[in-house]
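Data block below; observations after.
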Amino acid sequence: MSEQAQQMSVSDEVAIEITNMNKWYGAFHVLRDINLTVNRGERIVIAGPSGSGKSTLIRCINALEEHQKGQITVDGTVLSSDIKNIDKIRSEVGMCFQHFNLFPHLTILENCTLAPIWVRKTPRKEAEETAMHFLEKVKIPDQANKYPGQLSGGQQQRVAIARSLCMRPRIMLFDEPTSALDPEMIKEVLDTMVELAEEGMTMLCVTHEMGFARQVANRVIFMDAGQIVEQNEPEEFFNNPQSERTKLFLSQIL
Ligand code: ADP
Ligand code: MG
């Protein structure tokens, strides 16, 4: 683990607890006996081949997908089909996808204030102040009145992160946030994520950016065929992989 990652603190408090979780898409058993405890302040990178279930796992954590067996607890709330629980969890868990999913017909500022105003019932002025605060944080306050189509991919992804932060999440989930970006824009998005990590945000990141994993993660989880095959701190994970599947994966990406 890098010195930087060691300095970031991890508390004893549990943020996410997943026990014996299984999920099927119809007859297809996509996640098998997932057990995972994430403490507050942890930065976890989830790696693994395409189709291994990384996105599905992330999506189960904020109830975008339903699991069929086992239990997921987020911030002490058990995820059930009870709609109240789902709303509570979604309001505490921010999510950032590969495709930014900004509303094209709304300005950057409006994208950031929409959910706070309509879901949280935050007064408009306060929502706009919060939005500007986070747009400054991701270093694009000057773009506030533009539309998504007028921004570069890297800028749009930073807006998507700012938009999530406006809901004041305690946990952030990232699903390949840099995969759709041109190479020169990847760093600006990763820098934003590094800053979030340094501020103590609990983060689960599906990413192929192994430099980011080494720099920021306190734990790397390797998934294959719907299972967590191996997990370790980055240094051990990269230098001393245990399973053949992990070795094969690393030999293909590094
Ligand atoms: P990853 O993110 O690791 O690439 P996914 O979680 O997207 O993997 O997908 C895991 C497996 O589940 C893949 O085989 C994929 O084709 C399948 N899958 C994903 N979403 C659905 C869905 N909505 N219905 C049926 N199968 C799906
Ligand atoms: Mg995926």
Selected residue (only one of Ile58, Ile72, Ile108 is within 14 Å of ligand 1 (Cβ to nearest atom) and at pLDDT 95 or above): Ile58
Name the residue that is surrounded by the most Cβ atoms within 10 Å (Cβ to Cβ), counting only residues in region 164-176 that are outside any helix (DSSP H, G or I) and away from ligand 1 (no atom under 16 Å from the Cβ). Cys166
Members of region 66-104 that are out of contact with any strand residue (DSSP E or B) (no Cβ under 7 Å at 6 or more places or on another chain), farther than 28 Å from Lys146 by Cβ and not hydroxyl-bearing (Ser, Thr, Tyr): Glu66, Gly76, Asp82, Ile83, Lys84, Ile86, Asp87
Which of the residues belonging to region 130-163 are of a type in the set (D, E, K, R) and within 22 Å of the chain's Cα centre (by Cα)? Glu136, Lys137, Lys139, Arg158, Arg163
Scan region 44-72 and report the pairs whose first residue is within 11 Å of ligand 2 (Cβ to nearest atom) and whose second residue is assigned to a loop (DSSP other than H, G, I, E, B), with Cβ atoms within less than 7 Å and a gap of 6+ or a chain change. Ser52/Ala225; Ser52/Gly226; Gly53/Gly226; Lys54/Gly48; Thr56/Glu65; Arg59/Glu65
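Yes/no per residue for (1) without any contact (Cβ under 8 Å) to a residue 24 or more places away in the chain; (2) among the hydroxyl-bearing types (Ser, Thr, Tyr):
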position: Phe100; (1), (2): no, no
position: Pro116; (1), (2): no, no
position: Pro123; (1), (2): yes, no
position: Glu126; (1), (2): yes, no
position: Gln143; (1), (2): no, no
position: Leu173; (1), (2): no, no
position: Ser179; (1), (2): no, yes
position: Glu195; (1), (2): no, no
Give the residue that is farthest from the chain's Cα centre (by Cα), with candidates limited to residues of region 177-204 that are in a loop (DSSP other than H, G, I, E, B) and crowded, with 20+ Cβ neighbours inside 10 Å. Leu181
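The values are calculated or read from the model by the stated rules, or taken from the named source; none is laboratory data. Keep in mind the model is a prediction, meaning the values are calculated, not measured. Counting neighbours? That spans all protein chains shown, and the Cβs are built from the backbone with ideal geometry, glycine included.
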